[in-house]
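Every number here is computed from the coordinates shown, using simple stated rules; none is lab data. Remember, it's a predicted structure, so these values are computed and weren't measured experimentally. Note that each Cβ is placed from the backbone with ideal geometry, even for glycine, and that neighbours are counted across all protein chains shown.
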Amino acid sequence: RVQVLRPLGLLLCLWALRLPAGPGAAARGLDIASYRERVRAMFYHAYEHYLESAFPYDELRPLTCDGQDTWGSFSLTLIDALDTLLILGNVSEFQRVVNVLQEGVDFDIDVNASVFETNIRVVGGLLSAHLLSRKAGVEVEAGWPCSGPLLRMAEEAARKLLPAFQTPTGMPYGTVNLLHGVNPGETPVTCTAGIGTFIVEFATLSHLTGDPVFEDVARKALKALWKNRSDIGLVGNHIDVITAKWVAQDAGIGAGVDSYFEYLVKGAILLQDKELMSMFLEYNKAIKNYTKFDDWYLWVQMYKGTVSMPVFQSLEAYWPGLQSLIGDVDNAMRTFLNYYTVWKQFGGLPEFYNIPQGYTVDKREGYPLRPELIESAMYLYRATRDPTLLELGRDAVESIEKISKVDCGFATIKDLRDHRLDNRMESFFLAETIKYLYLLFDPDNFIHNDGSDFDVVITPYGECVLNAGGYIFNTEAHPIDPAALHCCRKRKEEQWEVEDLMREFYSLKKTKKFTLKRQSEHGEGETAKDTEDAEKAGEKRNSKKSSHSLLSCPSQSFNSKLAVLGQVFLDNT
């Protein structure tokens with residue numbers, strides 16, 4: 001049995017879209033290797049002090065050299081940092097931590113947990129580590145990647161979140177008790193991002209485990225937000241998940257909304273889903289029409305489009321990276337350069353920045369070592385090789401080391417104006433900020449694979465191509481291998497085509513009139529009637545689907561993929 005994978009088309013696209021050499025760092029004399037090693041040292045300074053002073057708590061308190069639980073008592077920093085270890089090349093520590101997590105993490109606890117944060121950090125971190133385990137030298141069990149201890153942990157954590165989705169609208173509550181479900185008095189008001197940021201992790205879970213419930217609830221939540229957008233095509237910031245009434249009607253691309261848009265794009269790429277991409281492109285039109293001013297994005301009233309807050313939020317800095325994923329690189333660079341001017345002004349991005357005044361907003365002057373501008377720099381550097389993007393990476397290393405580094409790690413910057421610090425090191429510092437910095441300075445990392453290298457593994461469903469590149473980062477920077485989604489079950493239309501081919505094969509075998517022949521992409525060797533019949537069958541099975549995708553690397557038909565892989569038996573008469 002052979003499971004031929006849709007990502008084979010992605011391999012060819014990645015190869016065809018190899019990046020130009022460009023001016024690179026040499027144009028401005030930046031020593032990439034030196035900064036890469038400085039980022040590595042930053043990671044270990046933070047990571048080792050977490051292990052020494054804070055584990056098994058969720059996070060390190062770097063000013064007092066102790067730990068605290070923040071998001072649910074999961075040893076969160078350890079989960080969040082796990083795939084970063086492999087990206088830095090530390091396979092032995094990756095293997096050790098996998099064993100520690102299996103023995104020490106328990107989700108059957110009486111804790112009120114954020115549905116959003118548990119998904120992106122815990123479920124996302126475990127899924128990524130599961131899919132990278134074989135590459136890290138972990139001895140995987142038979143049936144991997146369709147089974148494995150980290151996958152079972154991810155599934156257990158995700159099942160603890162499912163009660164939150166049991167609402168009349170399908171939009172989830174923001175908080176759930178891991179032991180008892182949703183508390184009776186739980187507020188029904190949830191932010192937009194807290195509703196629309198599940199499709200990457202939950203669809204991955206469904207494809208790996210074969211249980212559709214995860215992807216189903218994630219899609220229902222996405223579509224509920226889409227259904228409740230305003231007449232001018234915008235969504236607000238907070239909504240009542242019971243009544244579907246908008247409670248906060250500010251529309252923008254930042255806090256409370258951000259990863260909803262991110263997951264429409266990344267979900268579309270991961271799943272090759274035309275509908276999700278169409279939804280984002282419609283939103284993108286409205287965002288440009290009502291919120292964009294001089295390559296900044298403001299906050300507006302979702303029904304009228306009038307400006308409500310002329311501010312830039314640090315969380316919005318993911319947007320240029322997202323624009324690069326849909327090919328809008330010129331606009332992405334212009335917006336990135338606006339945001340970079342703010343970084344240069346303060347040595348970091350304040351949480352809120354008043355655009356007309358050109359200064360911070362009261363009580364929003366802090367920088368908790370967020371990754372978003374660095375994330376955009378990494379994406380844009382892969383697309384353009386513009387050395388300005390490396391300069392942002394350099395500035396980030398210099399600023400964080402100078403302002404934030406303390407004896408026990410790196411501390412949140414409470415106020416960028418006077419560099420006062422706060423006693424917290426969020427787990428995303430090791431999951432995202434360090435990871436994106438390292439990848440910016442490591443062009444040859446396996447994460448950047450262009451499809452020229454890959455692994456073939458045997459699953460219960462046949463051969464499976466993995467580690468070919470095209471990784472999709474969830475919003476906590478946990479990379480998901482899109483090829484893995486096609487390893488653990490046959491898509492219906494592919495199953496039909498397999499059955500058709502096998503019937504043809506056995507029919508030919510009976511007559512002993514077959515020869516070995518390489519099949520071309522257009523089905524060389526088929527008769528006109530065979531082709532006509534196949535087209536009619538295909539039209540019937542896919543009557544609701546367009547033959548062209550909005551995505552840059554559309555999936556191939558089963559026959560085409562089989563042709564790329566090699567030889568099939570065909571009639572020679």
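When peptides 75-82, 376-383, 61-68 are ranked by their average number of other Cβ atoms within 10 Å per residue, the highest-first order is 75-82, 376-383, 61-68. When the Cα atoms of region 147-226 are aligned to their principal axes, the ranges along those axes come out at 36, 30, 18 Å in descending order. The calculated Kirkwood hydrodynamic radius for region 195-282 is 13.4 Å, given to one decimal from all distinct C-alpha pairs. Treating each Cα of region 115-183 as one equal point scatterer and applying the Debye formula with no solvent, the log10 of I(q)/I(0) at q = 0.16, 0.27 Å⁻¹ comes out as -0.60, -1.10. Each residue of region 49-66 was assigned a 3J(HN,Hα) from its phi angle through the Karplus curve 6.51 cos²θ - 1.76 cosθ + 1.60 (θ = phi - 60°); the sequence is 6, 4, 4, 6, 10, 10, 4, x, 5, 5, 9, 8, 9, x, 7, 10, 6, 9 Hz, with glycine and proline shown as x.
Under 12 Å from the Cβ of L179, count the other residues' Cβ atoms, weight Lys and Arg +1, Asp and Glu -1, and hand me the total.
Working: positive: K160; negative: D106, D108, D110.
Around L179, the charge tally is -2.
With the largest listed first and rounded to whole Å, the semi-axes of the equivalent ellipsoid of region 70-124 from the Cα gyration tensor are 22, 13, 7.
Three principal axis extents of region 17-146 based on alpha-carbon atoms, in descending order, are 56, 45, 29 Å.
Using only C-alpha atoms and all pairs of different ones, pull out the Kirkwood radius for region 389-437 in Å with one decimal. It would help to have the intermediate numbers written out before the result.
Values: mean 1/r = 0.0879 Å⁻¹.
Kirkwood hydrodynamic radius for region 389-437: 11.4 Å.
Averaging 1/r across all pairs of distinct Cα atoms in region 337-404 and inverting the result yields a Kirkwood radius of 12.5 Å. Dipole magnitude for region 142-280: about 160 debye, using +1 per Lys or Arg Cβ and -1 per Asp or Glu Cβ, origin at the Cα centre.
Computed from the Kirkwood radius of its Cα pairs, the Stokes-Einstein diffusion coefficient for region 309-432 at 4 °C and 1.567 mPa s stands at 88 µm²/s. Both the radius of gyration and Dmax for region 91-233 are 16.3, 54 Å, in that order, over alpha-carbon atoms.
If you take the Cα centroid of region 270-323 and the Cα centroid of region 409-432, the two points sit 28 Å apart. When you count the other C-beta atoms within 10 angstrom of each residue and take the mean per peptide, 301-313, 463-475, 83-95 line up highest first as 463-475, 83-95, 301-313. Counting only Cβ charges, +1 for Lys and Arg and -1 for Asp and Glu, the dipole size of region 62-205 around its Cα centre is about 380 debye.
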